[in-house]
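> Would you mind keeping the following structure in view while I ask a few things?
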Amino acid sequence: CKLWLSPLIFVLFLTLLLLFLALFPGAFDCCMKISDEIPKGILRRVERFEIQKADGLCHLEAVILHTKGKKFCVNLWNRKVKKMMKIMKHKIHRSKSHVRKQRRTRIIKQKEQKQ
């Protein structure tokens, strides 16, 4: 009787674990430790960043810097990181408005050609 109970408990545990991972995919993707300093070389290679809030499953407020194949957790109040985030947001905003302007110009030119 005890012999078949052990595999059953293991299967039940595994099923619950997989269900948890499916419902909360970011549960194990939190920064557990943050760095106060970050080398300039890493800041230059940052492709994107995201802000981790100290609510829900993650208990630390941090900036997650994504470089090619790596991620770094940094203090949200680091001056260098704040400056880098501001520059990246400005670049993204400028590139989006530039694309929009190009599209608008192309549509106007197409209308002029039809007339």
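> 7 Å from Cα along Cα→Cβ at both Lys33 and Leu12: what's the point-to-point distance in nm?
It works out to 3.8 nm between the two label points.
> To continue, here is another question. Which entries in Lys53/Lys89; Lys33/Lys91; Lys53/Lys91 show an alpha-carbon gap greater than 22 Å?
Check vs 22 Å cut-off fails for Lys33/Lys91; Lys53/Lys91.
> Asp55 to His90: extension gain in nm, 0.36 nm per residue of separation minus the Cα-Cα distance?
9.9 nm
Bear in mind that the values in this text are calculations on the coordinates, not laboratory data. All of these numbers come straight from a predicted model, not from anything done at the bench. Note that each Cβ is placed from the backbone with ideal geometry, even for glycine, and that neighbours are counted across all protein chains shown.
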